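Everything on this sheet refers to the single structure shown next.
The values are calculated or read from the model by the stated rules, or taken from the named source; none is laboratory data. All figures in this text were calculated on a predicted structure; none of them were measured in a lab. Counting neighbours? That spans all protein chains shown, and the Cβs are built from the backbone with ideal geometry, glycine included. Please note that ligands, DNA and RNA were not included when accessible areas were found on the heavy atoms of the full protein model with its side chains. Shrake-Rupley method; radii C 1.70, N 1.55, O 1.52, S 1.80 Å.
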Amino acid sequence: MPIDTLISAESIRARVDELGRQITSDYAGQEIVVVTVLKGSFIFAADLVRAIDVPLAVDFLGLRSYEGTESSGVVQITSDLTKSVEGKHVLVVEDIVDTGLTMQYLLQNLETRKPASVKLASLLHKPARSKVKIPIDYLGFTIDDVFVIGYGLDFDQHYRNLPYLGVMRPD
Ligand code: IMP
């Protein structure tokens, strides 16, 4: 299936660098734990942490909420954090907030672990599909209601390795 470019690799790089600078300035003098939500956020997180210049630890959390292109609404933790985040400043890194149901679940779950603070960085936001309001502290791009692939995001596990964000064009 042909793929149209939605956001180029160059535009992503420039925006990720901006977010990194903003995060660096907001957390000056503090340490953070970057919680990367697997699998879709792994490339965004890898680029974002290299644009952040404060001491940080990384941890990973596996979530499953999607089958194909539709949110099932039921969120499952497929692999949990390796360390407690109690008393820590947590920065959650997500690929996309679509309905918001996944982040609503995760942010509530993290609050029960008594972190000092929790903020959210999301590469993408699709407000047209929003079912719950999720505060995104650091947002890469707002996009229309299209299903995107690439830069970590998949369609049935494919296309994560595209260096840009694309949209499949049904022919
Ligand atoms: P939500 O619970 O509907 O907000 O869905 C969030 C998750 O669904 C994201 O972390 C992605 O893994 C997946 N997702 C939502 N929209 C897309 C898309 O356009 N492309 C690829 N994955 C998506």
Completion exercise
What the 5 Å binned alpha carbon P(r) of the chain shows, as percent of pairs per bin from 0, is 2, 8, 18, 23, 21, 16, 9, 3, 1, 0, 0
Fill in the blank from the handout: Relative contact order of region 3-168 (C-alpha contacts under 8 Å, at least 6 apart) in percent is 25 percent
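Over the chain, what is the percentage of antiparallel beta bridges among all DSSP beta bridges, to the nearest 5? Mind showing how you got there, number by number?
Values: 13 of 37 bridges.
Given both bridge residues lie in the chain, the antiparallel proportion sits at roughly 35 percent.
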Fill in the blank from the handout: Given Cβ charges of +1 for Lys and Arg and -1 for Asp and Glu, the option among ILE143, GLY62, PHE155 whose Cα lies farthest towards the positive end of the dipole of the chain is GLY62
Exercise for the section: Round to the nearest 10 and give me the degree value, 0 to 90, for the angle of helix 101-111's Cα axis relative to the longest principal axis of the chain. Expected result: 10 degrees
Handout entry: Apportionment of accessible area to carbon and sulfur, region 40-171, percent (1.4 Å)
Key = 51 percent
Problem - Probe 1.4 Å - accessible area at ASP145, Å² to nearest ten - result: 90 Å²
Fill in the blank from the handout: For region 72-166, shape from the Cα gyration tensor axes a ≥ b ≥ c, cut at a/c of 1.5 then a/b versus b/c, turns out prolate
Problem - Pairwise Lys count, region 3-168 - Cα closer than 16 Å, eight or more residues apart or different chains - result: 4
